[in-house]
Amino acid sequence: MWQASPEPMKDALYRAVSKALTSGRIPQEWEGALVKLLVNSQGEEHLLESLRPICLMVTAAAAS
């Protein structure tokens, strides 16, 4: 979604993430994320290199 978003949204997302990283403080809404590992190749679940982490977060659309 980030790559396909319009430039103003990319800029806003970049500023938000950059501020969180440089200040050491993150928005409270970001603290409740759940990280899941997706397997890139079936049968290789035991290999760390074959796992891709994704972050599942509650969004305004999911919360309403």
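Which value in Å is the Kirkwood Rh of the chain over different Cα pairs?
Computed over Cα pairs of the chain, the Kirkwood hydrodynamic radius comes out at 14.4 Å.
May I ask you to sort E7, E29 by Cβ crowding, counting other Cβ atoms within 10 Å and putting the fewest first?
Neighbour counts put them in this order, fewest first: E7, E29.
Could you work out the local net charge near M57, counting Lys and Arg as +1, Asp and Glu as -1, over the other residues with Cβ closer than 10 Å to its Cβ?
-2
Suppose every Lys and Arg Cβ carries +1 and every Asp and Glu Cβ carries -1, with no other charges. What dipole size does the chain come out with about its Cα centre, to the nearest 20 debye?
Computed about the Cα centre, the dipole is about 240 debye.
What nm value, rounded to one decimal, do you get for the distance between T22 and A4 when each label is placed 7 Å out toward the C-beta?
3.1
Quick check: the distance between the Cα centres of segment 22-40 and segment 1-21, to the nearest angstrom?
Rounded to whole Å, the Cα centres lie 16 Å apart.
Could you work out how far helix 7-23 tilts from the main Cα principal axis of the chain, as a 0 to 90 degree angle to the nearest 10?
That helix lies at roughly 80 degrees to the long axis.
5 Å is the cut-off here: which amide hydrogens, built 1.01 Å from N in the peptide plane, fall below it relative to L51, excluding neighbours closer than 5 in sequence?
Amide H neighbours of L51, under 5 Å, 5+ apart: N40.
With point charges of +1 on the Cβ of Lys and Arg and -1 on the Cβ of Asp and Glu, referenced to the Cα centre of the chain, which listed residue (C55, L13, V39) lies farthest in the positive direction of the dipole?
The one lying farthest along the dipole's positive direction is L13.
Every number here is computed from the coordinates shown, using simple stated rules; none is lab data. Nothing here was measured: the structure is a model prediction, and the numbers come from that model. Positions of Cβ are generated from backbone atoms using ideal geometry, with glycine treated the same way; all protein chains shown enter the neighbour counts.
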